[in-house]
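Encoded as structure tokens, the structure appears first; notes follow it.
What follows draws every value from the coordinates through simple rules; no lab data is involved. Worth saying up front: this structure is predicted, and the values here are computed from it rather than measured. Because the Cβ atoms are built from the backbone with ideal geometry, glycine has one as well, and the counts that use them run over all protein chains shown.
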Amino acid sequence: MHLTGDLIDHALAEDVGPGDITVHVFCAPARLGVARVVARVPCVAAGIAVAREVFRRVDMSLSVREVVTDGTVVVRGDTLLEVSGRLGSILTAERTVLNFLQRLSAVATLTREYVSAVEGTGCRILDTRKTTPGWRLLEKAAVVAGGGTNHRLGLYDMVMVKDNHLAGGLTSEGLAKGIRQVKEDFPGIRVEVEADTLDQVREFYQVPGVDIIMLDNMPADMMRVAVNERPEGILLEASGGIDLRTVRSVAETGVDFISVGALTHSAGSVDLSLELESNET
């Protein structure tokens, strides 16, 4: 929660600043209220624990009840969580709570659409590193809530040799030597290499230590050949220009994974609101 806590603190600092003037003037400290965060559209909920923590950091005396958990499909009018306590504190936290919930629920919702589109194929939907700076762990948790699978979290937990790494004329021998070093120096770290052509795929099939080959922007017929020719123990990931219209046909080629940057970089936000149930002094 350390990184998430820092992010919440930053979000509150930029919104609340030295204090909520409107609440200070118009909400008596003793005034109490009950509010619900409600879905205005069907979506997959995500970020519930983050929302709870926002309320806690604004006012530890607030009582928050989580009505649903991350990954729950909700419809218009459903309650995600309920909060009670000082009305001023609830209103001060409102926008930051909604900003987190709306964004993360959108990521989970879009992910669920992709996962549903490939259901029955055995193919898994992966996220990418195309995340909002500072939000990576939250957005990747939202992908999981939507039924997706996290790829690498960063540059530190997996090796991916892409075309730019190969641009200097790295040979198969040089690649194999580098992979041996990875396996020796970083036990358990998987190695993935990017291929643009079938010739590259076939070359990488012969390199010891390759765990995954990314088929970058390949047509479906080429991917099928790569699937049919692959040796045991190597996984295949399709990537590049895949959307909801095409993801099913790509999955049906037999690839193991499809990575979709849009899960995090194009999810937008879903429509949620905080509705005041009652307030009393």
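Fully extended, how many nm does the chain gain between A13 and R95 (0.36 nm per residue separation, minus their Cα-Cα distance)?
The A13-R95 span can extend by a further 28.3 nm.
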Along segment 114-130, what does the Karplus equation 6.51 cos²θ - 1.76 cosθ + 1.60 (θ = phi - 60°) give for ³J(HN,Hα), rounded to whole Hz, x for Gly and Pro? 5, 4, 5, 5, 10, 4, x, 8, x, 7, 9, 8, 9, 8, 9, 8, 7
Taking 8 Å as the Cα distance limit and 6 or more residues as the minimum spacing, I'd like the relative contact order of segment 118-265 as a percentage. 30 percent
Using a 10 Å cut-off around each Cβ, can you sort Y156, Y114, Y205 from fewest to most neighbouring Cβ atoms? Y156, Y205, Y114
Counting pairs of alpha carbon atoms under 8 Å apart in space and at least six apart in sequence, what relative contact order in percent does segment 223-263 give? 48 percent
Given points 7 Å out from each Cα along the Cα-Cβ axis, report the I234 to D185 separation in nanometres with one decimal. 2.4 nm
From the Cα gyration tensor of segment 118-265, with a ≥ b ≥ c the square roots of its eigenvalues, which class applies: rounded if a/c is under 1.5, or else prolate if a/b is larger than b/c, or else oblate? oblate
Answer with a single label: of (i) 23; (ii) 19; (iii) 32, which was calculated as percent of Cα pairs over 35 Å apart from the structure in view? (iii)
Roughly how many Å is it from the Cα centre of segment 1-56 to that of segment 197-228, as a whole number? 47 Å
Estimated FRET transfer efficiency (D59, T132; beta-carbon r; R0 35 Å; 0.05): 0.85
By the scheme Lys and Arg +1, Asp and Glu -1, what is the net charge of all other residues having a beta-carbon under 11 Å from that of V41? 0
Once R0 is set to 30 Å, what does the formula 1/(1 + (r/R0)^6) return for the Cβ-Cβ distance between S249 and E277, expressed as a FRET efficiency to the nearest 0.05? 0.05
Choice from C27, C123, C43 with maximal GNM fluctuation in the chain (Cα, 10 Å cutoff): C27
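What percent does the relative contact order of the chain come to when contacts are Cα pairs within less than 8 Å and at least six residues apart?
24 percent
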In degrees between 0 and 90, to the nearest 10, how far off the longest principal axis of the chain does helix 172-185 point, with axes built from Cα atoms? 50 degrees
